[in-house]
Structures are given as C-alpha cells and as structure tokens.
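The structure under discussion appears below in the form of structure tokens.
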Ligand code: SF4
Ligand code: SF4
C-alpha cells in the first residue's frame, strides 16, 4: 500500500476542499486548468485509492506537472503536504517502470557522467582556481548546476571564502547530490549517489561542508539523514556562512535597488529566509525592496522537480512571471541564493534586470560594482 490510512484521509479531505490554494499554485498559473493543482492531484490519487480510477498516462502527466514547491502547504489550513504525497506516488511510478520518458535521459546521464547535464565528469572542477592554504578548512560541495552551468557562482564562492580567510577544498569525486532523482521518484538511484557522496565527504578532513545550491542543501541535511546516511561534519548554506561573518563583508553602494527571490528549497523547505537578506543589505548598505510575494509566499521560479525537463515552455512561463513580479518592484538587480533559480530567472530577465547569485553580489561589492556590471 502506497498510502496509509492517515495519508488517505488527508488525500480525501483535500479532494473535497474548496481548493482556493490553486491560486498560489504556479502550475495552475501555467496551465490554467484544474488538473495540475494541489486539489487535482489529490483527487486523482483519491480516485485511485477508492478504486474508481487508475493512474493512467494522463494521471502520470499530472503528477509530474508538480514543482514540489510546497507553496500549497503554506496556504492549506489542515496542512496537507501535496508535494510529499506527489513524491511518494512518483516513487511508485518509477518502481512500476512508468517514469516519463523525458526523465530517463537525465537518469542515464547521471549514471554515465554523475551529473544530469551529460557533461564529462573530469571537467566538473575545470573552473577551479585555488589560491590559498591555511585557515579553517571548508569543503565546498559545488553541485552540478554551479559546476557546469553557472560556473561564476562556483568560482566566486571559492574566491569569497578565501577572502574571508578560509582554506577551500573541493573533491574530484563529488557526484550529483541525488536531488533531481529523489524529487522525481527515483529514490533507489538517489540513495546510491547519496551513499557515494557521504563516503567521499566523510573521508575529508575539512571542518564543514559548504553548499551554494538549496537542492543540495535539502538532500544533504534532510534526505540523507532520512535514509540513515550520516555526514560527520556540519553542512551550511553559503548564506549562513556569510551571515556568520557579516562584520567582515565588503560594502559598496549599488545604483538603483535590489530585490530578492526565495528559492523553494532554501525557504519553504529549509526555513532560511533572513540570512541572505541580511547579507545583501549589509553589502549594498540599503534595504531590499521586497516583491509582493515573498518569503514563504514567494512564487517558485518554475525550475523544480523535473518540470523544466518535461515541460520547458510552462516552466519558462512561470519563470517569466516571477521576473515580472521582480520588475514590478522597480529594482534593477534581482538576487537569488540558488544556481538553479538564477539559471531560470536569468533566461527570462531581459536587459533591464541583472540576475545574480548571493556570492556574486558580495564579490561585486568587494571589487566595486562598475568593474563588473558595466
Ligand atoms: S491543498 Fe489544502 S487548501 Fe489546497 S485543495 Fe487541498 S486541502 Fe484544500
Ligand atoms: S507543490 Fe507547488 S506546484 Fe505542486 S501542487 Fe503544491 S503549489 Fe502546486
């Protein structure tokens, strides 16, 4: 049985709810249909539990149209966790051998190259330029997106940590953290990657593990322990490290104003909201201009849980809407603290909005903004 009685009761309640949460669901925004909504997914599974409908091809499609952004959970009074319910059902779909075709290529790429982008493993750290030895030894777990698609986040993170007096180490044996597989239902392969990474990370003599990707942060701090895989050193997101050393951060005056996008994995999933804001306000010397939808009410960028791989146009539609919300503030800089969000938001931002990740804006303050943006 996939769902126990308690979960089945929650699914039944959701299937009968007035379903106003659909107005915060980004996939309702993208499709404008009642099927890809929290209620639509619960109704589908409720019908399966009661034996009135099987999960057919359309059902699978609806389950994979969810971003697992957990926005519905913040809205839902009885706190029904649709993202987790969807993920549980996805797991069974993968075990049944019915994973959507579009995700098979990602799994094959990770099997072959240890990253979902089909990039050679030996080029994973080709951006790396270590300059410093001595200081607190921090192991930077880069994550696939910063390593291959947003390399300036990775190189800026290393430079920044060295500037703050740390010694940075990177493992040539780092593999994908497993998040893209676990979130899309391939738990078995995800655990395989997790076991490898735990072995590699535990063998390092570094004092702490630092991540810039909230997807990595969530799996390393929540999913790995759930699988009884224990890391022998603390894991910190870069926003936490920078906030701890806020007195040592550079300050520069930025022209215009800055707004901030909360990544779902960092915010709603791991409750980190204040740290990146404090860092940005410190280095820019000015308050952020907040978007109307912010913190636990922030709209997802559209890039989560396999949606961009399977439905790229809908994912981009959601990303473009988030960029529109950022532009509505009048800000000319949009900062996020997630390589995956940055990648999506930058693709939709146009010329009048500069999209940066947290380490980038801090280093920009150090170097002097004009040298880098202009
Ligand atoms: S997720 Fe909560 S608010 Fe939304 S339809 Fe289900 S029960 Fe209702
Ligand atoms: S987790 Fe996000 S995309 Fe999925 S049903 Fe909830 S609000 Fe919609």
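The values are calculated or read from the model by the stated rules, or taken from the named source; none is laboratory data. Keep in mind it's a predicted model, so treat the numbers as computed, not measured. A quick note on method: Cβ atoms are made from the backbone with ideal geometry, for glycine too, and the neighbour counts reach across all protein chains shown.
At a glance:
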read-out: Set 314, 346: member being outside the structural domain of residue 238 (by TED's automatic domain parsing) and over 24 Å from residue 91 (Cβ atoms); value: 346
read-out: Residue selected from the range 75-87 under the condition surrounded by fewer than 16 Cβ atoms within 10 Å (Cβ to Cβ) and touching a helix residue (DSSP H, G or I) at 6+ places or on another chain (Cβ under 9 Å), by the criterion modelled with the lowest pLDDT; value: 78
read-out: Selection count where residues are more than 10 Å from ligand 1 (Cβ to nearest atom) and crowded, with 18+ Cβ neighbours inside 10 Å, scope the range 33-47; value: 4
read-out: Lone qualifier among 15, 30 - being surrounded by 15 or more Cβ atoms within 10 Å (Cβ to Cβ) and near ligand 1 (Cβ under 10 Å from one of its atoms); value: 15
read-out: Unique residue being away from ligand 1 (no atom under 16 Å from the Cβ) and not assigned by TED's automatic domain parsing to the domain that holds residue 309 when the list is 61, 87, 68, 79; value: 61
read-out: Condition check for residue 108: free of Cβ contacts under 8 Å to residues at least 60 places away in the same chain and part of a helix (DSSP H, G or I); value: yes
read-out: Residue in the range 319-342 that is away from ligand 2 (no atom under 16 Å from the Cβ), within 20 Å of the chain's Cα centre (by Cα), outside any helix (DSSP H, G or I) and without any contact (Cβ under 8 Å) to a residue 40 or more places away in the chain present; value: no
read-out: Helices (runs of 4 or more DSSP H) (entirely within the range 1-103) containing at least 2 residues that are over 30 Å from residue 115 (Cβ atoms) and more than 10 Å from ligand 2 (Cβ to nearest atom); value: 5-15, 38-50, 57-63
read-out: Any hit, the range 147-161, residues being farther than 20 Å from residue 231 by Cβ, in contact with a strand residue (DSSP E or B) (Cβ under 8 Å, 6 or more places away or on another chain) and part of a loop (DSSP other than H, G, I, E, B); value: yes
